[in-house]
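Student: Just dropping this structure here.
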Amino acid sequence: MKRNMDQWCRELLEAPAKKALPVLSFPSIQLLGITVKELIADSDVQARGMKAVADRTPQAGGAVSLMDLSVEAECFGAPIRVSDDEVPTVTGPVISTEVEEDERMEQAETLEVPPIGAGRTQIYIDAIEKAMGLIEDRPVFAGVIGPFSLAGRLLDVTEALIYCYDEPDMVHVVLEKSTQFIIEYIKAYKAVGANGVVIAEPLAGLLSPALAQEFSGDYCKRIVEAVRDENFAVIYHNCGNTANITLDSIFSCGASAYHFGNAVDMAEILEKAPADTICMGNVDPAGEFRGGTPESIRKTTLGVMEACCKHPNFVISSGCDIPPLSSWDNIDAFFAAVDEFYGR
């Protein structure tokens, strides 16, 4: 269903009681009685999973697809690990860490940008198209990885941070190709009707302020400028622990909204954020949604809201992607706590 997403953002800002928008997709495996391995391999199953989550959570402000940060790297040739009950992960780089600097640059320069539809991307694109036909009561958001987070997986996450100092030109070569791919991937989601996209850029949360703009912010800005319009929103996600000191870089990308992890103080973020900039977060997905209890998640959710809801631009959410085996009792308790807060 086509929506004016600029208007959606304005209405969200103005609403005194805002619907929660957690990154909630992988726990659909419990509702469908399937495994993660089955979920990531079938567009029909993904669409049915998004619909099942939407039906279970009428209080949610949007439907968010899988935050699977292995999809894009796999297209470039990275090996991945898939299991029945955990989110897929990249297990090795595409650009070798075992060669000399000049050879590594050559590998970066000859790295081919895969076509959209390669690997599992077509499955994920088809899933969003099908979900759009099933979910009409809220916006539907696709999900992609961010440019530095993709480059880091192609280079090795730890080494990428070092390369920013030692081999910056090579990192930029990989970033250019990553950005080109991400733009075309998002455009494919737009073409099938998605209302927006969540760009997950967690690795940028490990960059210093001196590096964040050059190696993440500038590339994220290019992506946003290439895809955002009044009918297509971009939510930027960064769950790193330096997000609170790299906000200038983060906000420079011009996204529709920003989503932060539980590694930072959400109230501090809001004190620094422009009043008209939507900021979402940040109930601990692992510690609370996966490892907590209905009582603990109620307490945590109310605590975040008490600290943050005095800011009209705050939207309560999870701090990151909610793990696949998170208890639905905990998820239900999160939404119940949101209703309790606004019902006071």
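The values are calculated or read from the model by the stated rules, or taken from the named source; none is laboratory data. All values reported here derive from a predicted model rather than from experimental measurement. As a convention, Cβ positions derive from the backbone with ideal geometry for all residues, glycine included, and neighbour counts pool all protein chains shown. Side chains included, ligands, DNA and RNA excluded: accessible areas come from the protein's heavy atoms. Shrake-Rupley method; radii C 1.70, N 1.55, O 1.52, S 1.80 Å.
Student: Nothing charged except the Cβ atoms of Lys and Arg (+1) and of Asp and Glu (-1): what's the magnitude of the dipole of the chain about its Cα centre? Round to the nearest 20 debye.
Tutor: 1500
Student: Convex hull over the Cα atoms of the chain, averaged projected area in nm²?
Tutor: Values: hull surface 60.4 nm².
For the chain, averaging the hull's shadow over all directions gives 15.1 nm².
Student: Moving on to the next point. Just to be sure I understand: if I project the alpha-carbon convex hull of region 219-341 onto a plane and average over all orientations, what area do I get in nm²?
Tutor: 7.8
Student: Over the Cα atoms of region 40-145, what is the Rg over Rh ratio if Rh follows Kirkwood?
Tutor: Numbers: Rg = 17.1 Å, Rh = 15.6 Å.
Reported Rg/Rh, Kirkwood definition of Rh: 1.09.
Student: Within region 157-181, name every residue whose backbone N is under 18 Å away from a label modeled 7 Å from Cα of Thr97 along the Cβ vector.
Tutor: 157-168, 170-172, 174-175
Student: Mean residue ellipticity at 222 nm from the helices of the chain, using -39,500 (n - 2.57) per DSSP H segment of n ≥ 4 over the full residue count, to the nearest 500 deg cm²/dmol?
Tutor: On the way: 16 runs with 161 residues, N = 344.
Calculated from helices alone, the mean residue ellipticity at 222 nm is -14000 deg cm²/dmol.
Student: What's the ranking of 315-326, 123-134, 69-80 by average number of surrounding C-beta atoms within 10 Å, highest first?
Tutor: Top to bottom by mean Cβ count within 10 Å: 315-326, 69-80, 123-134.
Student: If you don't mind, another one. Quick one, can you get me the convex hull of the C-alpha atoms of region 141-197 expressed as volume per residue in Å³?
Tutor: Working: hull volume 3.5 nm³, N = 57.
Cα-based convex hull of region 141-197, divided per residue, equals 61 Å³.
Student: In nm², what is the average projected area of the convex hull enclosing the Cα atoms of region 194-253? Kindly include the intermediate steps, with their values, before the conclusion.
Tutor: On the way: hull surface 15.0 nm².
With the hull built on Cα positions only, its mean projection is 3.7 nm².
Student: Grab the other residues whose beta carbon is less than 15 angstrom from that of Pro294, score K and R as +1, D and E as -1, and report the net.
Tutor: Around Pro294, the charge tally is -4.
Student: Ok, one more. With every protein chain kept in place and ligands, DNA and RNA left out, what is the accessible area per residue of region 181-295? Probe 1.4 Å, answer in Å². Present the calculation step by step, with values, prior to reporting the outcome.
Tutor: Details: 3860 Å² over 115 residues.
Computed with neighbouring chains in place, this is 34 Å² per residue.
Student: Here's another thing I want to ask about it. Counting only protein heavy atoms and using a 1.4 Å probe, what share of the accessible area of the chain belongs to carbon plus sulfur, as a whole percent? Numbers along the way, then the final one.
Tutor: Values: 6400 of 13220 Å².
C and S fraction of accessible area: 48 percent.
Student: Please report the accessible area of Thr158 (heavy atoms, 1.4 Å probe, ligands and nucleic acids excluded) in Å², nearest 10.
Tutor: The value for Thr158 is about 90 Å².
Student: What does the charge count near Leu12 come to, summing +1 for each Lys or Arg and -1 for each Asp or Glu among other residues with Cβ under 10 Å from its Cβ?
Tutor: Net of charged neighbours comes to +1.
Student: Do you know the Lys pair count in the chain for C-alpha distances under 17 Å, with sequence separation 8 or more or different chains?
Tutor: Step by step, the pairs that qualify in the chain add up to 12.
Student: Also, quick follow-up: Which log10 I(q)/I(0) values, to two decimals, does region 161-289 give at q = 0.14, 0.16, 0.18, 0.20 Å⁻¹ under the Debye formula with one point per Cα?
Tutor: Log10 I(q)/I(0), no solvent term: -0.63, -0.82, -1.01, -1.18.
Student: Separate question: As an exercise, use a Förster radius of 30 Å and the Cβ-Cβ distance of Ser83 and Glu184 to find the FRET efficiency, rounded to the nearest 0.05. List each step's numbers first, then the result.
Tutor: Working: r = 29 Å, r/R0 = 0.97.
The value I calculate is 0.55.
Student: Compute the acute angle (0 to 90°) between the alpha-carbon long axis of helix 294-308 and the principal axis of greatest extent of the alpha-carbon atoms of the chain; round to the nearest 10°.
Tutor: Compared with the principal axis, the helix lies near 80 degrees.
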